[in-house]
Amino acid sequence: MRSALRRPSPALVIACLALLAALAGTGVASVKIVQRSSNIGVMHVKDVFLPGISSGGGIASCPRGARATGGGAYLEGQPSHDDHIVDSEPAVPDKINGFRPLLGGYATTWHATYYNADANQRRLHVWVICTA
């Protein structure tokens, strides 16, 4: 009885080799893009204390030469239904107000303002994710 398996055609062999080479090249490229010594995605946190029943904010800054790619804030302590974030935005340093919202270019800080509805002082954590 003859076997049902046939030898693959030369076109199929070449197509499989091309697919293998393409997948291997993509794997090598994804490993080489981000090196371990890079500062991609480094988070910097700034803590600020907010008095009870008030709003306040904080600014988390990237180190010199890095830019902000994201950020946010978290109000620590017993949550209240009236707690709310007033703003959370990329910013650049400003000598008058400490920050100004980013209108163009690269942000180097992240600014957040929160309303603390609790009567007690609470800690506001503002963070920024920086890249070199």
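Our summary gives the chain a relative contact order of 35 percent, counting only alpha carbon pairs under 8 angstrom and 6 or more residues apart. Label-to-label distance for Arg6 and Asp47 is 7.3 nm, based on points extended 7 Å past Cα in the beta-carbon direction.
Tally up the carbon and sulfur contribution to the accessible surface of the chain as a whole percent, 1.4 Å probe, everything protein left in place.
C and S atoms contribute 60 percent here.
Relative to the longest principal axis of the C-alpha atoms of the chain, give the angle of the C-alpha long axis of helix 10-33, reported between 0 and 90° and rounded to the nearest 10°. The two axes meet at around 20 degrees.
Pairwise Cα distances in the chain exceed 18 Å for 66 percent of all pairs. Positive contributions from Lys and Arg (+1) and negative ones from Asp and Glu (-1), summed over other residues with Cβ under 10 Å from the Cβ of Asp47, come out at +1.
Each of Leu103 and Asp87 was given a label point 7 Å from its Cα along the Cα-to-Cβ line. The distance between the two points is 1.2 nm. Annotation: His84 carries an accessible surface of approximately 90 Å², with a 1.4 Å probe and no ligand, DNA or RNA atoms counted. Considering only DSSP states other than H, G, I, E and B, which chymotrypsin sites (Phe, Trp or Tyr not before Pro) in the stretch 75-127 qualify as loop sites with at most 16 other Cβ atoms within 10 Å? Here the sparse-neighbourhood loop sites are Tyr106.
Per residue, the chain exposes an accessible area of 72 Å² to a 1.4 Å probe, with every protein chain left in place.
With only Lys, Arg, Asp and Glu charged, each at its Cβ (+1 for the first two, -1 for the last two), find how big the charge dipole of the chain is about the Cα centre; round to the nearest 20 debye.
On the way: 12 positive and 8 negative charges, 246 e Å.
The dipole of the chain has a size of about 1180 debye.
Annotation: amide H-H contacts under 5 Å for Ser80 (H modelled 1.01 Å from N, sequence separation of 5 or more, or interchain): none.
At 0.36 nm per residue, and after removing the present C-alpha to C-alpha distance, how many nm does the segment from Ala24 to Gln121 gain when stretched out fully? Write out the running numbers ahead of the final one.
Numbers: separation 97, 0.36 × 97 = 34.92 nm, distance 5.55 nm.
Full extension of this stretch gives 29.4 nm more.
Under the simplified labelling scheme, the Ala132-Gln78 pair shows an inter-label distance of 4.6 nm, with each label point 7 Å from Cα along Cα→Cβ. In the chain, which longest range has no trypsin sites (Lys or Arg not before Pro) that are both DSSP loop (not H, G, I, E or B) and surrounded by at most 10 other Cβ atoms within 10 Å? Longest site-free region, per DSSP loop and neighbour criteria: 96-132.
Using the Cβ atoms and a cut-off under 15 Å, what net charge is assigned to the surroundings of Leu75, where Lys and Arg are +1 and Asp and Glu are -1? For residues surrounding Leu75, the net value is -3.
The values are calculated or read from the model by the stated rules, or taken from the named source; none is laboratory data. All of these numbers come straight from a predicted model, not from anything done at the bench. We place every Cβ from the backbone using ideal geometry, glycine too, and count neighbours over all the protein chains shown. What goes into the accessible areas is simple: the full protein's heavy atoms, side chains included, and nothing from ligands, DNA or RNA. Shrake-Rupley method; radii C 1.70, N 1.55, O 1.52, S 1.80 Å.
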